[in-house]
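Each remark here refers to the structure printed beneath this line.
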Amino acid sequence: MDFYKIARAILFRLDAERAHHLTLSGLRAASKIGADRLLDPGVGPDPVEVMGLRFPNRVGLAAGLDKAGDCIAGFGAMGFGSVEVGTLTPRPQPGNPKPRLFRIRERAAIINRMGFNNPGMEAALDNIAASRKGFEGVLGINIGKNKDTPNERAIDDYLTCFRKAYAAADYIAVNVSSPNTAGLRDLQDPAAAGNLLRTLKDEQAALAAETGKHVPFAVKIAPDMDDVQLRELGALFGELEMDAVIATNTTIARDAVEGLPHAGEPGGLSGAPLAGRSTEVIAALRGALPAGVPIIGVGGIACAADAQAKIDAGATLVQVYTGLIYRGPALVRELLAARLG
Ligand SMILES: Cc1cc2nc3c(=O)[nH]c(=O)nc-3n(C[C@H](O)[C@H](O)[C@H](O)COP(=O)(O)O)c2cc1C
């Protein structure tokens, strides 16, 4: 019996953001009383080493669902081999006015313009310390900048977050690709990206020397770039010896949902309509990156074949978000059972 089918019938009658909060509360409660065993996918580990870390399997939770880092063990109980919390910013911020989350059921898609609503790095670190207990997978901490920090000072925000996240994270993800923070994607421009990532690489080396712990970091990119831009970025990431690239974030393209309710809402589109484009980006990047730089593939994975397509295009790990909203824990079970690779 797939309980999520019943839960979804109820959740999808609610406003999307209320359904989101209700689900996360349920997950937190389940973890506290130990009922999370109900979620156990019943599939054994399938470990793989990426970025020098041992991932128990190739399937991760993408950033933006556990924004506050307070549900880590709950998602671990579903079988995720990694959980990426955030995006976190130095200071807490409320995000954009509601409504800011919309389902497009006809296409198994979501449009969001949440705008990095998060409790801020300090509070999130407390949440993470508590909610990771019992989690045996890999913890990623995804970082960004506050809305009111101008791009000229963006590096300061990323540095602040990087330093604070370093001790707790297994890896850090640098998000320069959300469409919902004005100007953020300008940081994907090769000159700006080079500046930012080089600064963080230097910081990583300094922190590794100081603490004796090396924390790899990945950069997360948008799908809305052409092959020339992707080749340029691929070369840059290779030159910087990036630990990994996460491809992709949501898209601002709307061709796949044109004419449907909510299609005109500003924000990032995720889910099934993104799958093809995100896989193309992975393939283009794979051609542009040295073999030693792994890709984490994300965008529209709704079944094992979608995930395998990303691996075939050159990804080593995959992540899901929107597919989980539409299919629930059964999706994780299917992906684990498929033994991707
Ligand atoms: C509601 C929502 C919020 C998101 N928030 C973030 C975020 O804070 N940081 C981030 O890097 N990506 C965020 N994402 C993007 C996802 O991590 C993922 O890259 C994207 O949705 C494509 O995957 P999917 O089609 O499986 O959802 C968000 C996505 C959604 C749907």
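The values are calculated or read from the model by the stated rules, or taken from the named source; none is laboratory data. Everything numeric in this text was worked out from a predicted model, so none of it was measured. Positions of Cβ are backbone-derived with ideal geometry, glycine not excepted, and every protein chain shown enters the neighbour counts. The area values use the complete protein model at the heavy-atom level, side chains included, leaving out ligands, DNA and RNA. Shrake-Rupley method; radii C 1.70, N 1.55, O 1.52, S 1.80 Å.
Can you give the FRET efficiency for GLU122 and LYS213, using 1/(1 + (r/R0)^6), R0 = 25 Å, r = Cβ-Cβ distance, to the nearest 0.05? Let's see the in-between values first.
On the way: r = 20 Å, r/R0 = 0.81.
Approximately 0.80, to the nearest 0.05.
Out of residues 5 or more away from GLU84 or on other chains, whose amide H comes under 5 Å of its own, with H placed 1.01 Å from N in the peptide plane?
Excluding prolines and chain starts, which carry no amide H, the hits are LEU61, GLY140.
From the square roots a ≥ b ≥ c of the eigenvalues of the alpha-carbon gyration tensor of the range 1-138, which class results: rounded (a/c under 1.5), prolate (a/b over b/c), or oblate?
Values: a/c = 1.59, a/b = 1.15, b/c = 1.38.
Cα axes put the range 1-138 in the oblate bin.
In whole percent, and with a 1.4 Å probe on the protein chains, what portion of the accessible area of the range 37-112 is carbon and sulfur?
Numbers: 1530 of 2930 Å².
Answer for the range 37-112: carbon and sulfur cover 52 percent of the accessible area.
Given springs between every Cα pair under 10 Å in a Gaussian network model of the chain, which of ILE311, ILE325, ILE104 has the largest fluctuation?
ILE104
Between ASP312 and ALA291, 0.36 nm times their residue separation minus their Cα-Cα distance comes to what? Mind showing how you got there, number by number?
Details: separation 21, 0.36 × 21 = 7.56 nm, distance 1.41 nm.
Taking ASP312 through ALA291 to full extension adds about 6.1 nm, to one decimal.
Could you work out how much longer the chain between ASP255 and GLU17 gets when fully extended? Use 0.36 nm per residue separation minus the Cα distance between them, nm to one decimal.
Values: separation 238, 0.36 × 238 = 85.68 nm, distance 2.45 nm.
Gain in length upon complete extension: 83.2 nm.
Taking a cut-off of 26 Å between Cα atoms, list the lysines near LYS310, but don't count ones fewer than 8 places away on the same chain.
Of all the lysines, those that pass the test against LYS310 - Cα under 26 Å, at least 8 places apart if same chain - are LYS67, LYS220.
How much FRET efficiency would the formula 1/(1 + (r/R0)^6) give for ASP186 and PHE3, where r is the Cβ-Cβ distance and R0 is 41 Å, rounded to 0.05? The partial results should precede the final answer.
Details: r = 44 Å, r/R0 = 1.07.
Step by step, r from the Cβ atoms, then E = 0.40.
Filter the GluC sites (Glu not before Pro) in the range 235-341 to those in DSSP coil with at most 12 other Cβ atoms within 10 Å of their Cβ, and list the result. List each step's numbers first, then the result.
Numbers: sites: GLU239, GLU241, GLU258, GLU280, GLU334; in loops: GLU241, GLU258.
For GluC sites (Glu not before Pro) across the range 235-341 that sit outside H, G, I, E and B with at most 12 neighbouring Cβ atoms in 10 Å, the list reads GLU241, GLU258.
Compute the accessible area per residue over the chain, keeping the other protein chains in place, probe 1.4 Å, unit Å². Walk me through the numbers before you get to the answer.
Working: 13920 Å² over 341 residues.
For the chain, the solvent-accessible area averages 41 Å² per residue.
Can you compute the helix-only [θ] at 222 nm over the chain? Use -39500 (n - 2.57) per DSSP H run of at least 4 residues, normalise by all residues, nearest 500 deg cm²/dmol.
On the way: 11 runs with 131 residues, N = 341.
Rounded to the nearest 500, the figure is -12000 deg cm²/dmol.
Among VAL257, VAL50, VAL59, determine the one that fluctuates most according to a GNM of the chain built with springs between C-alpha atoms less than 10 Å apart.
Highest fluctuation among the options: VAL257.
If contacts are Cα pairs under 8 angstrom and at least 6 residues apart, what is the relative contact order of the range 3-337 in percent?
After rounding, I find 18 percent.
In nm, what is the difference between 0.36 nm times the number of residues separating GLU239 and ILE33 and their Cα-Cα distance?
Values: separation 206, 0.36 × 206 = 74.16 nm, distance 4.81 nm.
So the extension gain works out to 69.4 nm.
If the cut-off is 17 Å between C-alpha atoms, which aspartates and glutamates fall inside it for LYS98, apart from same-chain ones fewer than 8 positions away?
Excluding near neighbours in sequence, the set is ASP15, GLU17, GLU265.
Can you compute the modelled spin-label distance between ASP202 and GLU49, with each label point 7 Å from Cα toward Cβ, in nm?
3.2 nm
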